[in-house]
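Nothing in this text is a laboratory measurement; each read-out follows from the coordinates by a stated rule. Since we're looking at a predicted model, the values are computed, not measured. All Cβ positions, even for glycine, are placed from backbone atoms using ideal geometry, and neighbour counts span all protein chains on display.
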Amino acid sequence: MNAHSAHWFILVLVNIPVYLAIGKLIFKDWGSFLESVRLWCSADWWHSLGKQWREDRKGTSELPLFILLCVLLVVVEHLMFGKTAVVKPAAQLTGVL
């Protein structure tokens, strides 16, 4: 694993508590998270989403919003810290490199 890949891996691991906090803000509990995952992973997901979107726009958009925020968090942190000389020593310190 090179330093660049290790940097992304470290960013994802370090942000796990932040992902949980974002999920708590968006979903309120594990039940609504699992319901959202079930809706998006159903066999006839396109029809289900179309019907659900008309009935509950907020509930339907929670999972994509959560995924988008988690990805944006890592990308923004990479843009902020990815160009520094700290990346390679941090990867070596954790044993990833």
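Tabulated data
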| item | result |
| --- | --- |
| Karplus 3J(HN,Hα) series, Hz, for region 18-24 with 6.51 cos²θ - 1.76 cosθ + 1.60 (x for Gly, Pro) | 5, 4, 5, 5, 4, x, 5 |
| HN-Hα J in Hz across region 64-72 - Karplus 6.51, -1.76, 1.60, θ = phi - 60°, x for Gly and Pro | x, 5, 4, 5, 4, 5, 5, 5, 4 |
| Per-pair calculated FRET efficiency, R0 = 35 Å: Phe81 and Lys28 via Cβ, rounded to 0.05 | 0.65 |
| For peptides 28-36, 2-10, sequence by mean Cβ density within 10 Å, most packed first | 2-10, 28-36 |
| Extension gain from Val74 to Glu55, taking 0.36 nm per residue of separation minus the Cα-Cα distance | 3.6 nm |
